[in-house]
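Each remark here refers to the structure printed beneath this line.
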Amino acid sequence: MKPPFTSSILALATVAAAAPTDERLEARATPTVYLAGDSTMAKGGGGAQTEGWGVYLPYSLKGVTVVNAAIGGRSARSYTDEGRFTALAAKVVSGDIVIIEFGHNDGGSLSTTDNGRTDCGGSGSETCTTPAGVVVQTYPTYLTRAAKLMTAKGAHVILSSPTPNNVCETGTCSYTPSRFTDYCKIVVKNVGTTVSSFIDHGQYVANRYIALGAAKTTAFYPVDHTHTSPAGAESVAGQFVKAALCSKSVLAPYIKNATASVAGTCV
Ligand SMILES: *[C@@H]1O[C@H](CO)[C@@H](O)[C@H](O)[C@H]1NC(C)=O
């Protein structure tokens, strides 16, 4: 005799099988980590003999897919103007993590020329008008807008301070954070601390370089004082991982490594 409840078991099985087709549930099971940045993060770095740190990040992660959307030469402004944040936001789903790190191409002056990358100076809603009449926003304005595009889709955004240049260039190692470190903190404040967070990547990398000393650090810079060798990029990625572990970042559950096993010191 047939058990009377067979049909209800089948009905339940159908419901269970249908559940994983929900895009949001799938996204939470295996989130995507998107990287937005410049050549110091990008695949291929700044050209021959160099590499970006985003290439090494996946080796320390588990249970996530990493999409490195960093591109050489970009700033908060040009990444915005080229529609790249909008394109990323179109792909992002709830539970994803977006790491944004800019600064190397954001400086400069807009008073007589415009390279299309320089931001308007300032930490708020100031604007500048270029000689050609283009209205330019500040770094915090560009990245606040970008981060809000991502958080509106349910993603968490990590604002990461830019990597330092070779802090041992003169033979003596020393680091002073750039204004972009403070700007990243302002963006997190603008966007909200439940959906965004700050990682002081620049400070962690600088501390590691100072611990390694001038000879080892300078060997990470085969071409100039900005772009690292593959070994340098691996170290820079390691310091992002260290900082994420030390700060109990939303990324931490997806890191393979124990905090103590990663080189460097918690700040
Ligand atoms: C984490 O562990 C993996 C091996 O499982 C290793 O390849 C990677 O370099 C480690 N990351 C850091 C930052 O030490």
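The numbers here are math on the coordinates, done by the rules we state, and not lab data. Only a predicted model underlies this, so the values are computations on that prediction, with no experimental measurement involved. We place every Cβ from the backbone using ideal geometry, glycine too, and count neighbours over all the protein chains shown.
Given the DSSP H assignment, sum -39500 (n - 2.57) over each helix run of at least 4 residues in the chain and divide by its residue total; what's the result at 222 nm in deg cm²/dmol, nearest 500? Could you put the intermediate results ahead of the total?
Numbers: 9 runs with 95 residues, N = 267.
For the chain, the value works out to -10500 deg cm²/dmol.
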Whole-Å distance linking the alpha carbon centroid of region 34-78 with that of region 187-221 is 15
Once Ala132 and Ser261 are pulled to full extension, the length gained, defined as 0.36 nm per residue separation minus their Cα-Cα distance, is 41.2 nm
Determine, for each peptide in 38-48, 233-243, 205-215, 255-265, the mean count of other beta carbons within 10 angstrom over its residues, then list the peptides with the highest first. 233-243, 38-48, 205-215, 255-265
For the chain, cysteines with no other Cys Cβ under 4.7 Å from their own Cβ are listed as Cys184
Among DSSP beta bridges whose residues both lie in region 100-214, state the antiparallel percentage, nearest 5. 35
Which residue, Val92, Val55, Val223, tops the fluctuation ranking in a GNM of the chain built on C-alpha contacts under 10 Å? Val223
Could you count how many Lys pairs in the chain have their Cα atoms under 19 Å apart, skipping same-chain pairs fewer than 8 positions apart? 13
